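S.K.: Just passing along the structure, written as structure tokens.
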Amino acid sequence: MADQTDTMFHTNSDLLGAHGARARSDAERLEIYQRLKDAILRGAFGERGRLPTERALAEQFGTARNTIRRTMSLLADDGLIERHVGRGTFVADGAVGRMAGPAEEYSLAELLEARLLFEPAIPDLVVERATADDIAVMEAYLAELHAAPDWSAFKEAKYCLHLSIVRAAHNRFMSFVFEQIVASRRRAQWGRPGGHPSPVAAVREAAYRDNARIVDALKAGDAAAAREAIRSYLLNTLSAASSS
């Protein structure tokens, strides 16, 4: 029995480790996507300008070419770039300045109000559609949240956890909407510009507890409990944001 338990423990640890790597890869791709998107919108490559090659971008960001390739596909889907075989990748016509920049950033309260309108309804789809891989990614982000060494890592893990919940609904539009929320908070430096001190232990533990309740409910297939846990979590966060 002990040998079987040890084998199961190592198997589960390997699984979470693999999905933790996938979660970090997704976060890295989202960050690169947002940095390139911001550069395009502010005209860093010029009107109809040519972007660096995939190889050059991979070297610049210190990542794999496959990550860059997937990121470029997202930018193309957004209509921000055009790719031409043999010629390269160019900024799409009219892409520069298409959207508001950081100077017109959304407030945390605005984003939380928007999240309250749709996020508590997501568990119905997640319970119906989520795979074992989806749940494993949530658990990996939850573990990263609990072990976060500083404020930036704490916020990154927390928002990516909720992004992984939204993605588990397997609805591309909802995923896109939440990706914009994450990107907005990144641009605002998670609400603490100029530095990211370690999160207070009590804050981190409370966030872990509240989010573990959400993940556990989804894992158990209890949409009602997950819905209430998400709503309670967002309301508490909005209340704290409004009083600060």
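S.K.: Suppose the filter is modelled with pLDDT under 95 and surrounded by fewer than 16 Cβ atoms within 10 Å (Cβ to Cβ); does A220 pass it? Break it down into steps so the answer makes sense when it comes.
M.R.: Details: modelled with pLDDT under 95: no; surrounded by fewer than 16 Cβ atoms within 10 Å (Cβ to Cβ): yes.
Answer is no for this residue.
S.K.: Please verify whether N12 is surrounded by fewer than 17 Cβ atoms within 10 Å (Cβ to Cβ), of a type in the set (S, T, N, Q) and modelled with pLDDT of 75 or more, treating the condition exactly as stated.
M.R.: no
S.K.: Now for a separate question. When the residues of region 169-187 are filtered to those that are in a helix (DSSP H, G or I) and over 12 Å from the mean Cα position of the chain (by Cα), which remaining residue is farthest from P120 (Cα to Cα)? Quick ask: steps written out before the conclusion?
M.R.: Narrowing region 169-187 to residues in a helix (DSSP H, G or I): 172-187.
Right, trim to over 12 Å from the mean Cα position of the chain (by Cα) and you get 172-174, 187.
Numbers: R172: 17, F173: 16, M174: 13, R187: 25 Å.
Ranking the qualifying residues of region 169-187, first place goes to R187.
S.K.: Criterion first (in a helix (DSSP H, G or I), closer than 19 Å to L125 by Cβ and either aromatic (F, W, Y) or in contact with a Gly (Cβ under 9 Å, 6 or more places away or on another chain) (or both)) does Y233 satisfy it?
M.R.: Values: in a helix (DSSP H, G or I): yes; closer than 19 Å to L125 by Cβ: yes; either aromatic (F, W, Y) or in contact with a Gly (Cβ under 9 Å, 6 or more places away or on another chain) (or both): yes.
The answer is yes for Y233.
S.K.: Please work out which residue is surrounded by the most Cβ atoms within 10 Å (Cβ to Cβ), limiting yourself to region 40-82 and to residues that are more than 19 Å from L30 (Cα to Cα) and either at pLDDT 90 or above or acidic (D, E) (or both).
M.R.: E82
Listed here are the residues, each with its yes/no results for (1) in contact with an Asp or Glu (Cβ under 6 Å, 6 or more places away or on another chain); (2) under 14 Å from D134 (Cβ atoms); (3) surrounded by fewer than 18 Cβ atoms within 10 Å (Cβ to Cβ).
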position	(1), (2), (3)
W151	no, no, no
H170	no, yes, yes
F176	no, no, yes
I181	no, no, no
S198	yes, no, yes
I230	yes, no, no
N236	no, no, yes
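S.K.: Do we find that Y141 is outside any helix (DSSP H, G or I), within 29 Å of N236 (Cα to Cα) and in contact with a helix residue (DSSP H, G or I) (Cβ under 8 Å, 6 or more places away or on another chain) in this structure?
M.R.: On the way: outside any helix (DSSP H, G or I): no; within 29 Å of N236 (Cα to Cα): yes; in contact with a helix residue (DSSP H, G or I) (Cβ under 8 Å, 6 or more places away or on another chain): yes.
No; evaluated as a whole, the condition is false for this residue.
S.K.: So which residues in region 140-168 are in contact (Cβ under 8 Å) with a residue 40 or more places away in the chain and over 14 Å from the mean Cα position of the chain (by Cα), if there are any at all?
M.R.: A143, H146, A148, P149, D150, W151
S.K.: Hey, another quick one. Assuming A109 fulfils every condition listed in (1) buried (at least 19 other Cβ atoms within 10 Å of the Cβ); (2) within 28 Å of A201 (Cα to Cα) apart from one, which condition is it?
M.R.: Going through the list (1) buried (at least 19 other Cβ atoms within 10 Å of the Cβ); (2) within 28 Å of A201 (Cα to Cα), A109 breaks only (1).
The values are calculated or read from the model by the stated rules, or taken from the named source; none is laboratory data. From a predicted model like this one, the values you see are computed outputs, not experimental measurements. Cβ atoms come from the backbone with ideal geometry, glycine included; neighbour counts cover every protein chain shown.
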